[in-house]
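In what follows, a single structure is set out as structure tokens and then discussed.
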Amino acid sequence: MLSSRCVWIPTLLLAVFIAPAAAQDSPFLTPPLFRLLVDEVSGDRAFNVVRGLTPFHRIMGSAAYVDAARFLAELAKESGLEAVAVVEQPFEGMLSWNPRSAVLRMIEPEEEKLADFAEVAVSLAVFSRSAKAEAELVDIGGATPADLKGLDVAGKIVLTTVAPAAAIRTAVWGLGALGVVSCASIHPEARFDTPDQIAYIKVPSSAPEGKAAPWAFMISPRRYGHLQNVLKRAYAAGRPVRVRAEIEADVAAKAEQAYLWAELPGASIHDQDIVLTAHLDEESTSANDNGSGCASQLEVGRAIKALVDSGRVPRPKRDIVFWWPNEHTSEYQYLAEHPEAPRGWLASLNQDMVGARQSQGSRVQHLIRTPFSLPSYLNDVVESIVESIVLGNTGSLAAEEAGTPQPFAKPVLAFLGSRERYDACAVPHSGGSDHEVFCEGIVGVPAVGLINNPDFYIHSSDDDLWNIDRTQLERNALVVAAATLFLADAGDEDVPMLVQEVYARGLARLGRDLRTAQERLREGSAAGREGAARAYAEARELLELAAAREKGALLSIGVFAAPGGRNAALPRERAAAVDRVAESLGRDLLAAFTALTGEKNPTPEVLSPLEREMAGRVPVNIGPMASYFGKRGWGPGFPNLHPTMVKEAFAFVDGKRSCLDIFRAVRAEALAGGAFYYGRVEAASIKGLLDQAAARGVLKLR
């Protein structure tokens, strides 16, 4: 809470603390270490690993996925990593699907090959079953009831613009069609720029009893237009268009998945592992998603091992784990099998799409921070390193006038890579990759992710080598290598620097939170006195949660302090200073309220009947980790709630917070990120989510 006993620091004075010029060097990446890493970390080497991965159609649970894991395992061994193993896991509720061949041909009115799995693997929709069919091709457009009205599709193959799963349900299972040819895209906004893109899309993994096994071919929008023209000419001539589909694909009797594991043992600390992740699964090619992350992670391991073996850096104190999982599912299964594992993990860094040629599609490298429920020093360590690489690889006129070498003052460039700038920034927490597993409230291991966005090539035939930039691979690998080396070796002597960095950056964040809180006040005051009172309450909740976030980040540094040593008190002292700053922010917020409304004392917020009910109920987690995730699911959702806010609601469950407290915390976090980022959070949605979880046995409501 914001204490009334704290000393008020005027915002004008606070601005002095939160607006320093950015430093080009990071305290976590010293100039000597920078030079060592620039010389050793290689984007060209990483690119060659991406090149080696692209032929594998590494669908989750497939034989090709395991082959890709074994390919990487041999490279990990050659790099000197230890305990290298491809570990099989059960894959409950999923398929181990193994396609062998698939060809779609037009045979009338002319012969033409339309799709071939051997040439473009995503031409066959994932989970398509074996089939042999020769039939008339019928265009059903959007596959809505209106599109299908009056069409006889029984015994025919349908051509459509919608996702194959939808067409299978309406045309195949509903009206007796044999199969589907679809040009659906997961990037419809870019279809005019990428007319030859073929999407990586799935069909249903099983069929209802008595219905045909699903199968579908994927084609590009340009080929769809070509087939439309063929159909028009054929209809005008009174002739049908006939196609032949031949598919060979197996489904294993026992579904299994796998992950690749390797280690670089530390010198002395073996219960605070630094865990690096990069998911291995995806379609053939999938060079950026996530061949780039897999290759970068291997390069990080190779480079660190080479530096240690040559004596250029000492062996880090802590163990470093290199984990190439089946995205999300490997980690959740591992946690079910080893619920005690997180107690031995200090932090995690995830790489997912780190090789993008940024000029293609204006892609930006994002550093995804931990959520508010899991504040950590980790964010500032990695963000500081990222900023230093951005500043060293971005030119400016003022720097040139100061005599700083241009275009890049501290270039990180691969031999065969581009000379494009490094465009990267930190963003609030989001999911979408493996870092979010570690950030689950019940897991509680701080994790950040490097992911580029936007990307109009992901999950399509366009995610290929031409989209990869060796230079960006090298920069991102250097960021992760530097952060890993610091984390793996940090100790008591680093506590003062960590405290200074986290505190200073925290002041800047609190300044931004104050601005957001004031914007909420202005918005609410437009709705009259009651709206202003509610907006003031929400704005104050944001500042309280933000202060708790910064205090938590400072206190998390204590893990590095020697017990009883003189540095052990530093995180607590700076956390107390946050309380004093928070009080000044509270006074500024009240001053803003008075300026807007003319009132010195905000009207107390009146709880709605729903909020009063939520205030009287406290959710408590039930059971071990395995049953928790088994009942809740690893990707829970709820109507009108952002998926990240869904997980945050679960993360704030601690047996102490009421349902109302959790709602307010999630609402405040969403307010900090912005409605454009997280949407809006309503009390009814949080209550519904927690009630649903209680009904499923995920938690109980006291």
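A short reminder: the numbers here are calculations on the coordinates, not readings from a lab. What you see is a predicted model; the values in this text were computed from it and never measured. We place every Cβ from the backbone using ideal geometry, glycine too, and count neighbours over all the protein chains shown.
Would you list which lysines come within 26 Å of residue 156, measuring only between C-alpha atoms, while excluding same-chain residues fewer than 8 positions from it?
By straight Cα distance, residue 156 reaches 113, 132, 202, 211, 232.
Using alpha-carbon pairs under 8 Å, 6+ residues apart, how would you state the relative contact order of segment 448-542 in percent? Don't skip to the end; give the middle numbers.
Numbers: 30 pairs, mean separation 14.6, N = 95.
With pairs under 8 Å counted, the relative contact order is 15 percent.
Among DSSP bridges having both ends in the chain, what percentage is antiparallel? Round to the nearest 5. If you can, show how the numbers build up before the last one.
Numbers: 44 of 74 bridges.
For the chain, the DSSP antiparallel bridge percentage is about 60.
Where the centroid of each part is defined by its Cα atoms, how far is segment 636-702 from segment 388-461 in Å?
When both Cα centres are located, 30 Å separates them.
Three principal axis extents, largest first, for the C-alpha atoms of segment 256-388, in Å?
45, 40, 34
For q = 0.07, 0.08 Å⁻¹, what log10 I(q)/I(0) does the chain give under the Debye formula with an equal point scatterer on each alpha carbon and no solvent?
Per q value, in the given order, log10 I(q)/I(0) is -0.55, -0.71.
Can you tell me the order of 145-152, 379-386 when each peptide is scored by its average per-residue count of other Cβ atoms within 10 angstrom, highest first?
Answer by packing, highest mean first, reads 379-386, 145-152.
Could you sort the peptides 594-607, 330-343 by per-residue average Cβ neighbour count (10 Å cutoff), highest mean leading?
For the peptides 594-607, 330-343, the packing ranking is 330-343, 594-607.
Once both axes come from the Cα atoms, what is the angle between helix 528-555 and the longest principal axis of the chain, in degrees from 0 to 90, rounded to 10?
Result, in degrees: 80.
Taking the chain as the reference, fit the longest principal axis to its C-alpha atoms, fit the long axis of helix 570-597 to the helix C-alpha atoms, and give the angle between the two in degrees, 0 to 90, nearest 10.
80 degrees
In whole Å, how far is the Cα centre of segment 164-195 from that of segment 275-315?
Comparing the Cα centres of segment 164-195 and segment 275-315, I get a distance of 37 Å.
Would you give the gap between the C-alpha center of segment 362-387 and the C-alpha center of segment 481-497, rounded to a whole Å?
Using only Cα atoms, the two centres lie 16 Å from each other.
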